[in-house]
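K.L.:
Sending over a structure as structure tokens; questions will come in a sec.
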Amino acid sequence: MDSSQTPGGCWLPSAAIESEDAFELNVGDLIDFEWKQSDAEAPKDWRYQATQAWPQPQVPRKPKWLLNLNADDATDAPRHFVEACHAVGRDTQCFTEFNKYSSLNWTIEDTTDEIPAWTIGLNAVETRANGPNIPSGFGFGLPCETDVATATSVIAEAVQDWLSGYEFVLWPVSSRSPLLLFAPEVRDGNAVWIDRAAGSVTCLIGELCAWRASAQVTQSYSRGAPSNACRSTG
């Protein structure tokens, strides 16, 4: 064994180990021990020997969950975080910019032992035709008491920032000329996408693809009746 108080190492006789259960020591294991200057029974060249030693208690690992991008999961992760992640994930499904990823998964992890928050992350794997696949992603902290609307808006903004800053992807685009993105906000207690040009609510976060499909249908009808439409001859 070694410690700052026993430079050069400390001899551990088996009689010094105190534990109700047998345990095995491996290189790198942490233990607590008391020591003294070595006596005659210690092997040669050992200046210190342990008089008592016991394993440090194992710290239980905090839970971590891996979730599908947009589909509901049977998980015991905090439900408001699951709903927020899946709402944002649903709004990626109708954008071809995401086709380059072979894998996209959310992670939700209890990191309250390290920071006063849980960590929400997105893990991505980009497929390359020539060369190895490229893993990427991000993570950030959210207090567990964050409500679902706020969590949804914050996660959507985090995905936007990661995509534009590291992946060179603009999402979701609301206007091509001028180039504008929808802005995630919380209004009237709901997480929504805001049309930046008009400053108005477009739809709920999680319903953007349904809104786009509806808007495209509306645009197709507004172009005029088809040439074979029935017309009055009266």
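K.L.:
So what are the radius of gyration and Dmax for the Cα set of the chain, in Å?
P.N.:
Taking only Cα atoms of the chain, I get Rg and Dmax of 29.4, 122 Å.
K.L.:
Treating only the Cβ atoms of Lys and Arg (+1) and Asp and Glu (-1) as charged, compute the dipole magnitude of the range 147-216 about its Cα centre; round to the nearest 20 debye.
P.N.:
Magnitude of the dipole: close to 280 debye.
K.L.:
Under a 10 Å cutoff between Cα atoms, tell me which one of Ala117, Ala213, Ala71 has the largest fluctuation in the Gaussian network model of the chain.
P.N.:
Among Ala117, Ala213, Ala71, the largest mean-square fluctuation in the Gaussian network model of the chain belongs to Ala213.
K.L.:
Treat every Asp and Glu Cβ in the chain as -1 and every Lys and Arg Cβ as +1, leave all other atoms uncharged, and give the resulting dipole magnitude about the Cα centre to the nearest 20 debye.
P.N.:
Dipole of the chain, to the nearest 20 debye: 1820 debye.
K.L.:
Now for a different question. How much accessible area per residue does the chain have, counting only protein heavy atoms and a probe of 1.4 Å, in square angstrom?
P.N.:
Dividing the accessible area of the chain by its residue count gives 62 Å².
K.L.:
Here's something else I'd like to know. Provide the gained length on full extension for the span Asp188 to Asn26, in nm with one decimal, where the gain is 0.36 nm per separating residue minus the Cα-Cα distance.
P.N.:
Taking Asp188 through Asn26 to full extension adds about 52.6 nm, to one decimal.
K.L.:
Ok, one more. Amide H neighbours of Ser175 under 5 Å, counting only residues 5+ apart in sequence or on other chains, H built in-plane at 1.01 Å?
P.N.:
So Ser175 has HN proximity to Leu180.
K.L.:
Now for a separate question. In the range 132-172, carbon and sulfur make up what percent of the accessible area (probe 1.4 Å)?
P.N.:
61 percent
K.L.:
Also: At q = 0.22, 0.23, 0.24, 0.25 Å⁻¹, what log₁₀ I(q)/I(0) does a Debye calculation on the Cα points of the range 38-115 give, no solvent, two decimals?
P.N.:
Result of the Debye calculation: -1.02, -1.06, -1.11, -1.15.
K.L.:
Percent relative contact order of the chain, based on C-alpha pairs within less than 8 angstrom and at least six residues apart?
P.N.:
Computed value for the chain: 12 percent relative contact order.
K.L.:
So who's got an amide H within less than 5 Å of the one on Ile194, skipping anything under 5 residues away but keeping other chains? H placed 1.01 Å off N, in plane.
P.N.:
Those lying under 5 Å, H to H, from Ile194 are Ala183, Glu185, Thr202.
K.L.:
Under the Kirkwood approximation for Rh and a Cα-based Rg, what ratio Rg/Rh is obtained for the range 65-156?
P.N.:
1.00
The values are calculated or read from the model by the stated rules, or taken from the named source; none is laboratory data. Values in this document were obtained by computation on a predicted structure and should not be read as measured data. Cβ sites come from the backbone with ideal geometry, for glycine too, and all protein chains shown count toward neighbours. In case anyone asks, the SASA skips ligands and DNA or RNA and just uses the protein heavy atoms, side chains included. Shrake-Rupley method; radii C 1.70, N 1.55, O 1.52, S 1.80 Å.
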